[in-house]
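Contents: one structure, followed by commentary.
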Amino acid sequence: MEYTQKNLANIQTSFSKDLKDLSHEQLKEKYLGKKGLVTEALKEIVNVSAKEKPMYGKEVNTLKAFVEEKLSEKVQQDREYTSKPKIDPTAPFDINEKPHLYNQMLSLKGSKHPLTKEMEKILRIFSSMGFDILESRQIDDDYHMFQSLNFPKGHPARDMYDTFRTEDGLVLPAHTSTMQNRALKKFGPPPIAVVLPGRCFRNEATDAGHEHTFHQIEGIYVDKNVSLSNMIATIKTFLERYLETDLKVKIQPAYFPFTEPDCEFVIGCPFCNMTGCSTCGHSGWIEIMGCGMIHPNVLKEAAIDSQMYSGFAWGFGVDRLAMIKLGIEDIRHLRESNLNFLQQF
């Protein structure tokens, strides 16, 4: 009898410890299941002498009642816990002070960010036009950021890009043109048609039209007898499909070391029919992107015969194009994680 009483005491001690760590289902299985510790202790009564059986039966049933009571309490505690509003330590104070707002937030379904949606639309358009897609890197080296694009070391045009650099000399891309050399080698020999989407970073002050982090899409097309007129037609076709309207377009001089000639692509404002509005700065025109014919040095660096082949390239900020399409007045809204703003899209 001494061993049996000690055994029941051990079961109760073990249960009290497990009560903190195991779930209701795990506890029930371990102690009251077909092979549970309490169940086995109940079966043990057949081996107890007739004299000790009443005392053993009383103690083992007391143990069973104790276990069942604690399990019932645990079920109730779990219900109360799950019904209580949760506190989100990352949320504004008013959310935690008004639990119904938090519960309302939990009931909301997630959705794609407007930038993601617009990026997908843009890439579908280029894909339908026959362009391959190669995603840009989010960290790169000096060669692909500058040297492969006709920016020799010490070239003053490097100062145009306020680039972030790591201590070991790597670069956070300031444009997705960092992928040009790789794309020309990967998809060559010509004809080559590829767009290069990715995230870019620039060390500059932010305002309604500029951010230190933004998305860009670079495009390149290389083949025999490619001209500026091919470039204008390609970009115009894309913009009209994306903005869903006919456009008047023009190009004007610019400067980029990796193109020659260098251009800015400008469209007639689709919001005011070129009469002048806040979107176009009351000029009737909106500068959309930089572009131009790929510089022969860039083609040579990618082992492409610049005497036989020519090509054009362009690059535009997805954020700014999405702002025009969606009527967003401040680029900073796109990264503020403001649900009231994001739910509009």
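Computed from the coordinates by the stated procedures, all read-outs in this text should not be read as laboratory data. Quantities reported herein were computed from a predicted structural model and do not represent experimental measurements. Cβ coordinates were reconstructed from backbone atoms using ideal geometry, including for glycine residues, and neighbour counts include every protein chain displayed.
Things to note:
- Ranked by how many other Cβ atoms sit within 10 Å of their own Cβ, fewest first, the residues 309, 242 fall in the order 242, 309.
- Inter-centroid distance (Cα atoms) of region 6-52 relative to region 120-161, Å: 69
- Close lysine pairs were tallied over region 114-342: pairs 8 or more places apart or on different chains with Cα atoms under 17 Å apart number 11.
- Degrees between helix 53-83 axis and first principal axis of the chain (Cα, 0 to 90, nearest 10): 30
- C-alpha long axis of helix 228-243 to longest principal axis of the chain, angle in °: 40
- Spin-label model, residue 132 to residue 203: label points 7 Å out along the Cα-to-beta-carbon direction sit 3.5 nm apart.
- Region 195-235 and region 241-313 have their alpha-carbon centroids 9 Å apart.
- Against the rule of thumb 2.2 N^0.38 Å, how large the Cα Rg of region 211-345 comes out: 1.19
- By the Cβ-Cβ criterion of under 4.7 Å, the unpaired cysteines of the chain are 200, 263, 291.
- Shape of region 2-84 from the C-alpha gyration tensor: prolate (a/c of 1.5 or more and a/b above b/c, with a ≥ b ≥ c the square roots of its eigenvalues).
- Cα point-scatterer Debye curve for the chain, base-10 log of I(q)/I(0) at q = 0.07, 0.11, 0.12 Å⁻¹: -0.52, -0.80, -0.90
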